[in-house]
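Just so it is clear, none of the values below were taken in a lab; they were calculated from the coordinates. Because the structure is predicted, anything quoted here is derived from the model rather than measured.
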Amino acid sequence: MEEYLALAESGQGEIIEKKSRFIGYTASVESEDEAVAFIDSIRKKHYDARHNCFAYSIGLDSQPYQRFSDDGEPQGTAGKPILEVIQGSGIRNICIVVTRYFGGTLLGTGGLVRAYTEAAKAGINASVVRMKRQWIEAEIPAEYTDLGKLQYLIGNTDAEMTDTVYTDQVLLKVRVYAKVYDEFVKAVTEATGGRVQVEKTGEIFA
């Protein structure tokens, strides 16, 4: 996976359904421990609420690790609808908790499903979502005579300069979008007549 949707900022959204209050919270999580800690924090915050239902999805492959809970609501009316909102959003590494304060009127199975779905969506809508890309980190050691060519090349491709170290040579530290990394390496080789080699140092999502 070279890019995916992720939460840049958590959100909190709320709906009212027949006097019942549903509050949807989102958080970016990269492990089950982080998800559980977030769920526990919402439970402590809303210790007096009737239900704190949740779902989370962790992982970037085609089958992420997913869990959900109805937390006392009728089976299939809360946790699963929240998880379906996550799946439909395309956002990875996310946990959503929906807190319910009972308003005195029973909503029925269909009403609960709709309410938890809308509250989960409200949480996402109140969040900041952005695309994360896979980047290749690399170093380019070069002579000063090639510096201008390399700076021009980096400035006109899908690459970013992260640091420059000046000694008897110049060392350019860059990150390059994974999708175009091979093309970038080829362009550097051609632009410098094979004098300069790109050395891969790592990979990140950002």
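Among all the lysines, which ones have a C-alpha under 17 Å from Lys132's C-alpha, if same-chain residues fewer than 8 places away are not counted?
Cross-link targets: Lys179.
Per-residue HN-Hα couplings for the stretch 94-101, Karplus 6.51 cos²θ - 1.76 cosθ + 1.60 at θ = phi - 60°, whole Hz, x for Gly and Pro?
Per-residue couplings from phi come out as 9, 10, 10, 10, 10, 8, 10, 9 Hz.
Once phi is turned into θ = phi - 60°, what whole-Hz ³J(HN,Hα) does the Karplus curve with 6.51, -1.76 and 1.60 give for every residue of the stretch 138-152, x standing for Gly and Pro?
Here the 3J(HN,Hα) series is 8, 10, 10, x, 8, 7, 4, 5, 9, 4, x, 4, 5, 4, 5 Hz.
For the chain, what log10 I(q)/I(0) values come out of the Debye formula at q = 0.12, 0.15, 0.16, 0.18 1/Å, with one point per alpha carbon and no solvent?
-0.67, -0.84, -0.91, -1.07
Take the alpha carbon atoms of the stretch 132-183, find their center, do the same for the stretch 8-39, and report the distance between the two centers in whole angstrom.
What the calculation gives is 40 Å, centre to centre.
Using only the alpha-carbon atoms of the stretch 134-205 as identical scatterers, what base-10 log of I(q)/I(0) does the Debye formula give at q = 0.12, 0.20, 0.24, 0.28 Å⁻¹?
Each listed q maps to, in turn, -0.26, -0.75, -1.09, -1.49.
Using the Karplus curve 6.51 cos²θ - 1.76 cosθ + 1.60 with θ = phi - 60°, what ³J(HN,Hα) values do you get for each residue of the stretch 163-170, in whole Hz, with x for Gly and Pro?
6, 9, 10, 9, 9, 5, 10, 10
What do you get for the angle between helix 181-191 and the principal long axis of the chain? Use alpha-carbon atoms, 0 to 90 degrees, nearest ten.
Once rounded, one gets 20 degrees.
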